[in-house]
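Nothing in this text is a laboratory measurement; each read-out follows from the coordinates by a stated rule. None of the values given here were measured: they were computed from a predicted structure. Because the Cβ atoms are built from the backbone with ideal geometry, glycine has one as well, and the counts that use them run over all protein chains shown.
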Amino acid sequence: MEVSISASPVTTPANRVLVRLPLPYRVGEYARPGNSDENVCCEAGTYAWLRRECPSVPIPHLYGFVLSKGRHFTAVDHLSLFRRVFHHLRCKLRSLLGLSIQSAYIPRRNFNLSEIGPYVIVEYIKREDGVMLSNTWNALCSNIHLRNNLFPDLSRIMLTLSRIPLPRIRSFVVDDQGFLQLTNRPITMELQDLENENIPIDINRGQTFPTVDSYMSALTTLRAVSQELFEQGLNSGPFIFQLTDMHASNILVDKNWNIEYIIDLEWAASQPLEFMQLPYWLTSQAVDVIDPEAYNALRQEFMQIFTEEERDISHARILEHHSEKDFNCSSIMNKCWESGTFWYILALRSPTGLHSIFYKHIQPIFEKGHFQDSNFFLMMHKYWSRDASDLPVQKITDRKAYLDKLQEAFDPS
């Protein structure tokens, strides 16, 4: 949730900020206490890493953030001159000594518990500085001139994020001392949606993954086919930082579709290279009804631009430690489409569309006839865990209890 706040009685864009609060019922706070703080810490970690390592990626300014227990963090830009100079000199000294340096967000003294829970304070983006791409995408997506502005900008952002290889599959956080740490589980919207539904995930907050295999295994049939769809030469990395919720409403553009800002950075993580994919919304279709031919036409157009951008800025060096010379981001993205890995990743990112995506695009790669075999549906889920059959029964029971409470709330008699 976002709330616009003015810093003075006269409301002008120059002194307005946005306060973003994670909604407990959306991030699984009730099912897993602490998710709201985790959400804010990871969003702050994303801002801190992008500010330090990828300053060319256009994002709003983060003024600071607050955790539920009252811990406050302020961007160093808004501290006193003395504090800014001290921070700068301290970072220089620690860098010379080979020590980690503090992020741009400095912890302040503890205050009382936050009555509204954790939140971040970010720059308010004026309408003249950028509007949501989703406002005009459906009406103008057939305009090739606008796409020729959008696709290069989007390509450069993706390639900039891929520039720095990361050692594990995780998310960044800002710790209590203000240091940037790559120590949190890979936080995504899908993960917290599942936790919000009390679906067991078994991924602790401090759990990270050193290989693609370990990540896939944590997420019965999808797990089984992953070996065929992922490049084993990339199993141990490199991993790259990705914004996993970059849909059209989170991209702010000008009237010519030049990207001005990327917003809503709460869902970001270091992920396998194969997870670098084009946005699913290019054809304005839901994930479970995407027309492969229509999507591929736009995909090829995008990939031509992406390949040119990659060549121009030489981002293929991210993989130079591999012996294979043809390993670069564009070739990996093309291989993922040709092999069907694209659909696998899309299914993982879309819990509501997973069923349809699997049976339309993944199962036919291995055995088309199983879709007509009812025994396949009755048996396969049992191999997920020993008590797999108990979960749907419990979900049905939970839904009945929910409906009973809902009826009672609206009809007490």
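Close amide H partners of Q242, meaning residues 5 or more places away or on another chain with modelled amide H under 5 Å apart, are A269, S270, Q271.
Could you sort 250-262, 130-142 so that the peptide with the highest average Cβ count within 10 Å comes first and the rest follow in order?
Packing proxy ranking, top to bottom: 250-262, 130-142.
Count Lys and Arg as plus one, Asp and Glu as minus one, and take only other residues whose Cβ is under 12 Å from that of C141; the net charge is then 0.
Can you order the peptides 70-77, 403-410 by their average number of other Cβ atoms within 10 Å per residue, highest first?
70-77, 403-410
The GluC sites (Glu not before Pro) of the range 78-164 that DSSP puts in a loop, and whose beta carbon has at most 11 other beta carbons within 10 Å, are E115. For I101, the shell of other residues with beta-carbons less than 15 Å away shows a net charge of +4, using +1 for Lys and Arg and -1 for Asp and Glu. Going from the residue with the fewest nearby Cβ atoms within 10 Å to the one with the most, L93, L146, L180 rank L93, L146, L180.
By the count of neighbouring beta-carbon atoms within 10 Å, fewest first, F230, F239, F86 end up ordered F86, F230, F239.
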